[in-house]
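Peer 1: First the structure, which I've put down as structure tokens, then a few questions once you've had a look.
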């Protein structure tokens, strides 16, 4: 995993910065920077959990790329109709998978690396989710 996870973190962090149109030079808001890093870690954890799901359930006929892994996971977990699953917002996804999106569900190396990142930031969080913060295809290139 190593450098791939770190690259993924920084790419996700860039997505969050762009989605929220945050300044990264000049006079910057440290609370926003910490919130950005924490959101990027949260999205990394989601991506890692979906990668495990993809490995377990994907196959040559349905590799579960991108958002399909999320949809399949939610379908198995809740048996909701696909139309309802596809209509979920990112906030809905984090609420639906709240019990799984934890450091404890990660491999030790990933857990250690992401805990290192969060330990250098205050535990502040954005109060909302923006759909553009998450690129469901990005993780497949790095983990």
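What follows is calculated from the coordinates using simple rules that are stated; it is not laboratory data. Since the structure is predicted, the reported quantities are computational estimates derived from the model, not experimental observations. Cβ placement follows ideal geometry from the backbone for every residue including glycine, while neighbour counts extend to all protein chains displayed.
Peer 1: Please report the relative contact order for the chain, taking Cα pairs under 8 Å with a sequence separation of at least 6, and give it as a percent rounded to a whole number.
Peer 2: Here the relative contact order equals 47 percent.
Peer 1: A further question follows. Multiplying the sequence separation of residue 135 and residue 108 by 0.36 nm and subtracting their Cα-Cα distance, what value in nm do you get?
Peer 2: Computed gain between residue 135 and residue 108 is 7.3 nm.
Peer 1: How far apart, in nanometres, would the label points at residue 91 and residue 29 be if each is projected 7 angstrom from Cα along the Cα-to-Cβ direction?
Peer 2: About 1.7 nm, to one decimal.
Peer 1: With angles folded into 0 to 90 degrees, how steeply does helix 108-119 sit against the dominant principal axis of the chain? Use alpha carbons for both and round to 10.
Peer 2: 30
Peer 1: Sticking with this structure for a sec: Sorted by packing (mean other beta-carbon atoms within 10 Å per residue), highest first, where do 106-118, 8-20 land?
Peer 2: 8-20, 106-118
Peer 1: Related question: Cα axis of helix 67-78 to longest principal axis of the chain: angle in degrees, 0 to 90, nearest 10?
Peer 2: That works out to roughly 70 degrees.
Peer 1: What is the distance in Å between the Cα centres of the stretch 4-28 and the stretch 74-128?
Peer 2: 18
Peer 1: Now for a separate question. In degrees, nearest 10, range 0 to 90: what is the angle between the Cα axis of helix 2-20 and the longest Cα principal axis of the chain?
Peer 2: With rounding to tens, the tilt is 70 degrees.
Peer 1: Run the numbers for residue 7 and residue 127: contour at 0.36 nm per residue of separation, minus the present Cα-Cα distance, in nm.
Peer 2: 40.7 nm
Peer 1: So how much slack lies between residue 18 and residue 83, counting 0.36 nm per residue of separation and subtracting their Cα-Cα distance, in nm?
Peer 2: Difference between extended and current length: 20.5 nm.
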